[in-house]
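**Q** There's a structure below that I have some questions on.
Every read-out reported here was derived from the displayed coordinates using simple, explicitly stated rules and does not represent laboratory data. Since this is a predicted model, take the numbers as computed values, not measurements. When we count neighbours, we look across all protein chains shown, and the Cβ atoms used for this are built from the backbone with ideal geometry, even at glycine.
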Amino acid sequence: MNTCFDVANYFLKTQDTEAGDLMTNMKLQKLVYYAQGFYLAMTDTPLFNEPIEAWTHGPVCVPLYYMYKEYESGAIPIPVDVNANILFDEKQHEVLDLVHTYFGQFSAWKLRNLTHEEPTWMNVAHNRGEITHEAMRTYFKTQLIEDDEE
């Protein structure tokens, strides 16, 4: 199974620094959270096993946070030794690409504000609790667009 670090590396590799992309720890945390949520909604299985907690500024995958804490609000460098094509299957790539295309366009603070409107964060934020897979699965299923008109 993939780890939160594998998912983070995928998003880090998508940066276009020449276009001015800036991947901070906060933005990375939110993209990883959205990837986990949508993958759970679409497949009923987690993309990675590391827990996600509700912190003051939104969902945080704790091991990932500490990995990149030293960058504070600065840009995290693009990893050079990662090949995402080997790590992820077709469905995983589909979800990661969708999350990157939609959510990747937003700033860290916009993503933070979006997560603050979601029940997955709001329901446990008061005690900095874990956002469970079940809570994410339930919420993100409501965010999927059904393709019933075919």
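**Q** With 17 Å as the cut-off, how large is the P(r) tail for region 87-140, expressed as percent of Cα-Cα pairs?
**A** Taking all Cα-Cα pairs of region 87-140, the fraction more than 17 Å apart is 53 percent.
**Q** Could you work out, for region 4-141, what percent of all Cα-Cα pairs fall into each 10 Å distance bin, beginning at 0 Å and stopping at the bin that holds the largest distance?
**A** In whole percents, the pair-distance histogram is 13, 47, 35, 6, 0.
**Q** If I build a Gaussian network model for the chain, linking alpha-carbon pairs within less than 10 angstrom, which residue out of Glu53, Glu90, Glu72 has the largest mean-square fluctuation?
**A** Among Glu53, Glu90, Glu72, the largest GNM mean-square fluctuation belongs to Glu90.
**Q** Out of Tyr66, Tyr139, Tyr34, any idea which swings most in a Gaussian network model of the chain, alpha carbons joined below 10 Å?
**A** Tyr66
**Q** Lysine pairs in region 4-141 with alpha-carbon atoms under 17 Å apart, 8 or more places apart or on different chains: how many are there? Display every interim value, and only then the final one.
**A** Details: Lys13/Lys27; Lys13/Lys30; Lys27/Lys69; Lys27/Lys110; Lys30/Lys69; Lys30/Lys110; Lys91/Lys141.
Close lysine pairs under the 17 Å cut-off: 7.
**Q** Provide the FRET efficiency to the nearest 0.05 for the Glu94-Lys69 pair, computing r from the beta carbons and using R0 = 30 Å. Show your work: numbers first, answer last.
**A** Working: r = 31 Å, r/R0 = 1.02.
The calculated FRET efficiency here is 0.45.
**Q** How would you rank Phe11, Phe5, going from fewest to most other Cβ atoms within 10 Å of each one's own Cβ? Before the final figure, lay out each step's value.
**A** Working: Phe11 23, Phe5 19.
Listed from fewest to most nearby Cβ atoms, that is Phe5, Phe11.
**Q** As an exercise, use a Förster radius of 35 Å and the Cβ-Cβ distance of Leu144 and Leu22 to find the FRET efficiency, rounded to the nearest 0.05. Please list the in-between numbers first.
**A** Working: r = 29 Å, r/R0 = 0.83.
Here the calculated transfer efficiency is 0.75.
**Q** Let me ask something else. Using a Gaussian network model of the chain with C-alpha springs under 10 Å, which one of Gly58, Gly74, Gly20 is most mobile by mean-square fluctuation?
**A** Judging by the Gaussian network model, the answer is Gly20.
**Q** Could you work out how much longer the chain between Asn113 and Thr45 gets when fully extended? Use 0.36 nm per residue separation minus the Cα distance between them, nm to one decimal.
**A** Numbers: separation 68, 0.36 × 68 = 24.48 nm, distance 2.63 nm.
Full extension from Asn113 to Thr45 adds 21.8 nm.
**Q** Suppose R0 equals 30 Å; then what is the FRET efficiency for Val80 and His126 from their Cβ-Cβ distance, rounded to the nearest 0.05? Working shown, then result.
**A** On the way: r = 41 Å, r/R0 = 1.36.
Computed FRET efficiency for Val80 and His126 comes out at 0.15.
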